[in-house]
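Read through the structure below, which is laid out as structure tokens, and then see the notes.
The values are calculated or read from the model by the stated rules, or taken from the named source; none is laboratory data. Predicted, not measured: the structure shown is a model, and the values here were computed from it. A quick note on method: Cβ atoms are made from the backbone with ideal geometry, for glycine too, and the neighbour counts reach across all protein chains shown.
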Amino acid sequence: MTSMRVLKFGGTSVGSTDAFARVADIVRKAHEEDKVVVVTSAMSGVTDALIRAAKAAAAGDETPYRDTRNELLVKHQIVAGQLIEDGMERAAISRLLDDKLREFERLCQSIYVLGELTARGLDVVSGLGEQMAAPLLAAVLRSAGIRAEAVDAREIIVTDDTFGAANPILDLTCPRVQEKIRPLLEEGIVPVVTGFIAATREGITTTLGRGGSDYSASILAACLNADEVQIWTDVNGVLTADPRIVPDARTLPELSYVEAAELAYFGAKVLHPKTILPAVERDIPIRVLNTFDPEGPNTRIVRKPRPVGTPVKAIAVIRDLALVTVEGRGMMGVPGIAARTFGAVARTGVSVLMISQASSEQSICFVIPAVDVDKVIASLHEEMERELRRGYIDRIWSQDHIVIIAVVGAAMRGTPGISARVFGALGEAGINVIAIAQGSSEVNISLVVAADQADEAVRRIHNAFELHRVEALWNLPAETS
Ligand code: ADP
Ligand code: ASP
Ligand code: MG
């Protein structure tokens with residue numbers, strides 16, 4: 001029986017003519033063995049450019065969107081010109097690019113006139129990149145002799161209306177996915193689906209959040225009960241740390257769903273944090289591979305990976321955060337103070353990344369994105385007005401320029417001395433741990449350190465657990481408590 005795979009290609013994987021050609025090779029090989037569904041991101045840099053131009057239009061500047069329109073036309077046309085042989089196909093793609101970019105210009109004109117960019121409007125604009133990339137990739141695949149057809153995910157993925165981070169409604173999505181995708185697969189056609197975008201029940205365009213094409217792929221895989229999701233990107237799978245920070249980071253052969261989710265949540269950009277959810281429900285393995293080194297090392301994410309000889313598997317960083325502290329000698333006598341603190345934060349719609357344990361009993365500390373500090377502090381002042389006046393609370397303040405470093409590995413739970421090793425490594429380097437925090441699960445230890453020490457801290461911890469020796473560590477018997 002042939003199996004079914006969903007292959008997702010990220011921005012760099014469709015970032016140039018050369019990359020498109022590699023993708024065509026990968027899809028051809030996969031299609032020789034299995035039924036294949038392709039999900040594509042926008043070409044690299046395109047989503048950023050669309051967003052920048054729309055924001056500039058809202059701020060009263062028309063030049064960026066005019067320039068962007070031309071740049072994006074050229075960027076896509078180059079690929080079409082070099083890889084699509086058939087003249088009719090090329091003409092059709094040109095028309096499509098022209099339509100989409102005209103739409104982009106019209107949207108930006110309205111944004112310019114209104115002087116306002118709503119979250120809803122931003123989703124419409126930022127989703128245009130995928131709407132160009134998917135038909136382009138489908139045409140490139142056809143030119144390479146693979147039967148392929150572009151599919152607009154807005155016809156099949158139904159979400160709520162949380163613009164900018166919409167949540168899929170699987171009960172509505174799956175029947176549509178099956179109805180649209182299955183017949184194509186039965187006919188031997190490779191559907192090439194736009195990542196990132198979806199639509200509400202009413203058909204209004206939404207997006208799944210930046211980097212959301214990974215999530216699109218796992219949603220489709222869950223609906224189709226696929227045998228594997230493949231995330232094709234520009235690195236050899238999930239590494240022990242971001243290779244841009246730690247040059248000797250290594251590929252992790254296997255990770256559990258929980259470990260991968262934790263790493264993604266704590267900033268390992270290689271996977272969108274929500275990608276794991278649909279896969280877990282159906283127990284679908286996720287493989288992360290390198291488009292530019294298809295035969296090279298890659299990572300498999302599964303429910304139960306083989307136990308290995310290292311308690312720590314990887315380290316991730318979330319940046320641009322602030323630590324907010326509510327403190328006062330009298331505050332612990334005030335009933336419900338913690339609940340009210342977090343209630344006041346919740347009313348702002350800001351999510352708390354973690355609650356710190358480093359605090360004394362006379363304070364509550366938590367970490368939020370730095371951009372949200374002002375509104376959170378204002379909300380807290382309002383909530384605690386009386387306590388501040390009476391002196392139960394002395395001050396509500398924030399420490400900016402901090403990061404969270406997450407040290408992740410499921411086997412840490414049963415291994416003594418992990419924290420000591422982490423703190424030892426940081427202490428030797430003179431790196432101050434501002435707070436230790438409770439992660440969202442037991443598979444990580446999270447630390448707050450100053451932003452300018454973040455990279456060094458990651459390298460020190462990486463070194464302390466000898467993560468550059470992954471190949472050797474993988475073959476050792478697991479350390480147990
Ligand atoms: P794509 O466009 O293919 O979705 P992304 O840029 O979203 O790719 O994600 C891949 C990038 O994630 C890598 O280039 C790498 O710099 C970064 N990254 C961060 N942490 C990790 C990690 N632990 N392992 C691998 N890559 C990581
Ligand atoms: N193109 C979108 C982004 O840049 C989605 C993705 O790349 O996954 O965020
Ligand atoms: Mg990505």
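The table that follows gives values for the structure above.
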| quantity | calculated |
| --- | --- |
| Criterion (basic (Lys, Arg) and more than 26 Å from the chain's Cα centre (by Cα)) met by exactly one of ARG176, ARG147, ARG154 | ARG147 |
| Residue count for the range 197-231, restricted to those that are within 13 Å of ligand 1 (Cβ to nearest atom) and assigned to a loop (DSSP other than H, G, I, E, B) | 5 |
| Spans of helices (runs of 4 or more DSSP H) in the range 69-146 with at least 2 residues free of Cβ contacts under 8 Å to residues at least 40 places away in the same chain and among the polar types (S, T, N, Q) | 87-114 |
| Residue in the range 232-243 that is over 14 Å from the mean Cα position of the chain (by Cα), farther than 21 Å from GLY127 by Cβ, surrounded by fewer than 21 Cβ atoms within 10 Å (Cβ to Cβ) and away from ligand 1 (no atom under 16 Å from the Cβ) present | no |
| Complete set of residues in the range 331-341 that are among the hydrophobic types (A, V, I, L, M, F, W, C) and either crowded, with 16+ Cβ neighbours inside 10 Å or in contact (Cβ under 8 Å) with a residue 24 or more places away in the chain (or both) | MET331, MET332, VAL334, ILE337, ALA338 |
| Failed item, numbered, when LEU50 is tested on (1) within 25 Å of LEU184 (Cα to Cα); (2) aliphatic (A, V, I, L, M); (3) part of a helix (DSSP H, G or I); (4) within 16 Å of ligand 1 (Cβ to nearest atom) | (1) |
| Test: ILE204 is surrounded by fewer than 23 Cβ atoms within 10 Å (Cβ to Cβ), more than 22 Å from the chain's Cα centre (by Cα) and within 17 Å of THR40 (Cα to Cα) | no |
| Yes/no for ASP242 being within 14 Å of ligand 3 (Cβ to nearest atom), assigned to a loop (DSSP other than H, G, I, E, B) and either at pLDDT 95 or above or not small (Gly, Ala, Ser) (or both) | yes |
| Looking only at the range 187-196, and only at residues there that are outside any loop (DSSP other than H, G, I, E, B) and away from ligand 3 (no atom under 16 Å from the Cβ), the one that is surrounded by the most Cβ atoms within 10 Å (Cβ to Cβ) | VAL192 |
| Subset of the range 302-316 (residues that are under 19 Å from the mean Cα position of the chain (by Cα), in contact (Cβ under 8 Å) with a residue 60 or more places away in the chain and away from ligand 3 (no atom under 16 Å from the Cβ)) | ALA314, ILE315 |
| Top-ranked residue in the range 411-454 [being part of a loop (DSSP other than H, G, I, E, B) and among the aliphatic types (A, V, I, L, M); ranked as nearest to the chain's Cα centre (by Cα)] | VAL443 |
| Output for the range 371-387, where each listed residue is crowded, with 17+ Cβ neighbours inside 10 Å and part of a helix (DSSP H, G or I) | ASP372, VAL373, VAL376, ILE377, SER379, LEU380, GLU383, GLU387 |
| Test: residue in the range 355-367 that is assigned to a loop (DSSP other than H, G, I, E, B), under 30 Å from VAL246 (Cα atoms), assigned by TED's automatic domain parsing to the domain that holds LEU426 and of a type outside the set (Lys, Arg) | yes |
